[in-house]
Amino acid sequence: MNVADSEVVASVLTEKGFSVTTDINKASIILVNTCSIRENAEQRIWNRLRAIRHLKRNNKHLVVGLIGCMAERLKEKVLETEQLIDMVVGPDAYRDLPRLVEEAESGHKAVNVLLSREETYADIAPVRMDQNGVSAFVSIMRGCNNMCAYCVVPYVRGAERSRNPGSIVSEATGLFERGYREVTLLGQNVDSYRWEQGSIKTGFPELIEKVALISPLLRVRFSTSHPKDMSDDLLMTMARHENICRHVHLPAQSGSSRILKLMNREYTREWYMDRINAIRRILPGCAISTDIIAGFCTETDEDHELSLSLMEWAGFDFAYMFKYSERPGTRAARKLKDDVPDEIKTQRLNEIIALQNRLSAKSKKEEIGKVVEVLVEGESKRSREFLSGRTSQNRIAVFPKGDLKAGDFVKIFVERCTSATLIGKIVET
Ligand code: SAM
Ligand code: SF4
């Protein structure tokens, strides 16, 4: 999501005559786009700021801006903590950047951290900063109306608002016409996407169908679904369109209904399992990935075992796994005690990671001997003789180059695998 936001920021500033440089030493403005989701994400930003301090010593006209969630969370207070910062800009204030830059350039500290109920940057054509020219992010909504007890997102990104479907379809169409072959529709809870115009209501299933209809050669992905809202209707829409990728990211967070209740996730273990069964029933062969938090407030060994058994039962393809990190101002920080000792959190996280490594390896092994369709993204990082791409299930595959290029679709016979990658040969172009 931050990559998508940085592309909006780049667009706002290029309109005013700036251009993006990859050489930090040449930059006249450095904007650090930030995440507040866990404490270590913020720690990394402080380290990064320390690492660029010398640039300001060498160039006193350099403008340094802190943008995004951390800017929103800390507001003008950061100006007291970090002298280096000239600008503090929240995620809904990017249109104001040209004015803020001017203010900073005239020697004043510039701040805009106003959140908006309407801003979706719908009319801004993002300047693509990705390298491959094949896959791009398209933001379909901003903010979040859920109040998961551990989560800072609703406080730093504001209330949920959906973007006009017409602008989403035209952005995706423009990408396809420029050679892109994959778009990922982004939102904190895509299942609650909603747009009403007169009597026409567009929900997420209708939206994704519109994007899928742009061309069968355009792959469509999305992130993130919320288990409480993910409908059979969405799964049936996916089943109707082969170009909607066979992958659902469905964060479980915990396998214990007691912990889920404390987290205010609004579903139980049984409900989550029902949603996984629905995916298996309606979309056979669909990959499922998840997010798991280890050591949330009051979590016992028994709760932790329930997370492990849920993971084993679901056989997740992939997971993002985190230690619980208390975030100031959240419901958990106000109402619950962060009472699981750090060494227990670490131990539980390590068990979760070890299990997931085994599950990921198993799901890759099951692909050996199959023919899979891969969208080529570019050269493999390991060897220039190999290309790398992804299957519809979001599994990475590498294979000898042949005469293919980024953006081509190719059928690969899977010969072997590592725990993260399928390795195969081309069977048909
Ligand atoms: N909106 C998505 C959802 O509901 O799943 C993703 C939100 S968040 C950007 C990504 C993940 O970070 C969450 O799914 C959760 O696992 C994790 N996360 C959020 N707050 C956290 C916290 N305080 N400590 C540890 N992990 C956290
Ligand atoms: Fe955070 Fe929950 Fe919203 Fe996801 S759904 S962004 S975890 S509050």
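The values are calculated or read from the model by the stated rules, or taken from the named source; none is laboratory data. What you see is a predicted model; the values in this text were computed from it and never measured. Note that each Cβ is placed from the backbone with ideal geometry, even for glycine, and that neighbours are counted across all protein chains shown. For the accessible areas, the whole protein counts, side chains as well, though only heavy atoms, and no ligand, DNA or RNA atoms are used. Shrake-Rupley method; radii C 1.70, N 1.55, O 1.52, S 1.80 Å.
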- Query: What pairs come up if the first residue lies in segment 141-165 and is under 19 Å from ALA332 (Cα atoms), the second is acidic (Asp, Glu) and near ligand 1 (Cβ under 9 Å from one of its atoms), and their beta carbons are under 8 Å apart, counting only those six or more places apart or on different chains?
  - Reply: TYR150/GLU326
- Based on what the data block shows, is GLY378 buried (at least 20 other Cβ atoms within 10 Å of the Cβ) and either at positive phi or touching an Asp or Glu at 6+ places or on another chain (Cβ under 6 Å) (or both)? no
- When residues of segment 133-150 are limited to those that are part of a loop (DSSP other than H, G, I, E, B) and under 15 Å from the mean Cα position of the chain (by Cα), the one farthest from ligand 1 (Cβ to nearest atom): ILE140
- open to solvent by 20 Å² or more (accessible area, probe 1.4 Å), closer than 25 Å to GLN43 by Cα and not in a strand (DSSP E or B): does that describe LEU79? yes
- Query: Out of all the residues in segment 326-348, which are open to solvent by less than 20 Å² (accessible area, probe 1.4 Å) and either part of a loop (DSSP other than H, G, I, E, B) or touching a strand residue (DSSP E or B) at 6+ places or on another chain (Cβ under 7 Å) (or both)?
  - Reply: ARG327, THR330, VAL340, LYS345, ARG348
- Message: Any residue at all in segment 65-72 that's more than 16 Å from ligand 2 (Cβ to nearest atom) and either open to solvent by 20 Å² or more (accessible area, probe 1.4 Å) or in contact with a Lys or Arg (Cβ under 6 Å, 6 or more places away or on another chain) (or both)?
- Response: no
- Item | Test: residue in segment 293-301 that is within 15 Å of ligand 2 (Cβ to nearest atom) and in contact with a Gly (Cβ under 8 Å, 6 or more places away or on another chain) | no
- Message: Taking the condition of being closer than 23 Å to PRO227 by Cβ and of a type in the set (Val, Ile, Thr), how many residues in segment 157-198 meet it?
- Response: 2
- Query: Just checking, which of SER223, SER167 is surrounded by fewer than 21 Cβ atoms within 10 Å (Cβ to Cβ), under 19 Å from GLU7 (Cα atoms) and within 10 Å of ligand 1 (Cβ to nearest atom)?
  - Reply: SER223
- Message: I want to confirm something. Restricting to segment 30-63 and keeping residues that are charged (D, E, K, R) and more than 22 Å from GLU7 (Cα to Cα), which single residue is least open to solvent (accessible area, probe 1.4 Å)?
- Response: LYS56
- Query: ASP229 is checked against (1) open to solvent by 40 Å² or more (accessible area, probe 1.4 Å); (2) away from ligand 1 (no atom under 16 Å from the Cβ); (3) of a type outside the set (Val, Ile, Thr) and fails just one. What number does that condition carry?
  - Reply: (2)
- Just a yes or no: is a residue in segment 169-183 among the polar types (S, T, N, Q) and either closer than 28 Å to GLY285 by Cβ or at pLDDT below 95 (or both)? no
- Residue in segment 261-275 that is nearest to ligand 2 (Cβ to nearest atom), counting only those that are under 9 Å from PRO227 (Cβ atoms) and open to solvent by less than 40 Å² (accessible area, probe 1.4 Å): ARG265
- Query: Would you call ASP130 in contact with a Ser or Thr (Cβ under 9 Å, 6 or more places away or on another chain), part of a loop (DSSP other than H, G, I, E, B), farther than 30 Å from PHE296 by Cα and open to solvent by 20 Å² or more (accessible area, probe 1.4 Å)?
  - Reply: no
- Item | Qualifying positions in segment 93-121 - in a loop (DSSP other than H, G, I, E, B), surrounded by fewer than 19 Cβ atoms within 10 Å (Cβ to Cβ) and in contact with a helix residue (DSSP H, G or I) (Cβ under 8 Å, 6 or more places away or on another chain) | LYS109, VAL113, LEU115, GLU119
- Task: Working only within segment 151-161, note down all residues that are more than 11 Å from ligand 1 (Cβ to nearest atom) and open to solvent by less than 20 Å² (accessible area, probe 1.4 Å).
- Result: GLY158, ARG161
